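Have a look at the structure below, then the notes.
The values are calculated or read from the model by the stated rules, or taken from the named source; none is laboratory data. Note that the structure is predicted; figures quoted are calculated from it, not measured. As a convention, Cβ positions derive from the backbone with ideal geometry for all residues, glycine included, and neighbour counts pool all protein chains shown. Surface areas here come from the heavy atoms of the whole protein model, side chains and all, with no ligands, DNA or RNA. Shrake-Rupley method; radii C 1.70, N 1.55, O 1.52, S 1.80 Å.
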Amino acid sequence: MGLDITVLAVDWGRLERTPAGEREGLLYEAVDPDDEPGPRLGPEAGWVFPASPKVPWSGRYEFRLTLGSYKPHFWAADGWDKAREFADPALREPLDGFLRGLIWWGPYLDDEDDEDDESDGRLFPSDPEPFGPRRLLVRPPASVRALAAHWTRAEPRVAALRATYDAHASHPGGWIPDFDAFDALVRQWAEVVAETARRGWGLLGLTA
């Protein structure tokens, strides 16, 4: 069994107004709705709105060809880690900002300037440590808007990364074997961020 990930967009104001003791149950429900009998297959790809009828202020994103696994996201991050030093600096800075906010750990671990680090998994500062679904990703609305701005700057230059990525980060037979797979996954994250930012919501990446 590998690590999985379920990505949710949520109305941050509604979530904050929900009593802290009830949030975990709502998040479980959005990840795996009780009203859906059997395994949750979801659509082939894309958004499900609402994520559950019981949580109408949420949406769930289904990534194409990942089967809910975190592995493709890990390998995409690893690919960028290998390719970035050879990339155009005009792409490197905004794509660093975009991926670091989502799936990439950055070029070093001790980053005192990363104000968006919610690594302890708390949704709100006054919350106790979470006991429900593990938070792989916690991005409130302001952070989501910042991610969208990073992508706006990066997107026009991503296609030019093809030769560099395939030369330095290809992994034949892996989850992310080449630039096309990397590009496809990153652009799905761009869909996630764009729609969440459009709604003014926050973003969560949860695992059971």
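Within the stretch 63-87, take every residue that is in contact with a Leu (Cβ under 9 Å, 6 or more places away or on another chain) and of a type outside the set (A, V, I, L, M, F, W, C) and give me the one that is surrounded by the most Cβ atoms within 10 Å (Cβ to Cβ).
Out of the qualifying residues, it is 73.
Checking the conditions here, which among 169, 197, 184, 160 is closer than 15 Å to residue 95 by Cα and open to solvent by less than 60 Å² (accessible area, probe 1.4 Å)?
Details: 169 fails: closer than 15 Å to residue 95 by Cα; 197 fails: closer than 15 Å to residue 95 by Cα; 160 fails: open to solvent by less than 60 Å² (accessible area, probe 1.4 Å).
It is 184.
Of the residues that sit in the stretch 30-84 and are closer than 30 Å to residue 163 by Cβ and part of a loop (DSSP other than H, G, I, E, B), which one is modelled with the lowest pLDDT?
Restricting to residues being closer than 30 Å to residue 163 by Cβ and part of a loop (DSSP other than H, G, I, E, B), the top hit is 45.
Just the residues that are at pLDDT 95 or above and in contact with a Pro (Cβ under 8 Å, 6 or more places away or on another chain), please, taken from the stretch 7-29.
12
State all residues of the stretch 129-150 that are more than 20 Å from residue 71 (Cβ to Cβ) and open to solvent by 30 Å² or more (accessible area, probe 1.4 Å); if no residue qualifies, say none.
Filtering the stretch 129-150 for residues more than 20 Å from residue 71 (Cβ to Cβ) gives 129-132, 138-150.
Listed by number, the residues that qualify are 129, 130, 131, 140, 142, 145, 146, 149, 150.
Could you please give the count of residues in the stretch 122-144 that are modelled with pLDDT of 80 or more and over 21 Å from residue 60 (Cβ atoms)?
Total satisfying the criteria: 1.
Out of the stretch 94-104, which residues are touching a residue at least 60 places away in the same chain (Cβ under 8 Å) and in a helix (DSSP H, G or I)? Lay out the reasoning, then the answer.
Here is the first cut: in the stretch 94-104, the residues touching a residue at least 60 places away in the same chain (Cβ under 8 Å) are 94-95, 98-99, 102-103.
Listed by number, the residues that qualify are 94, 95, 98, 99.
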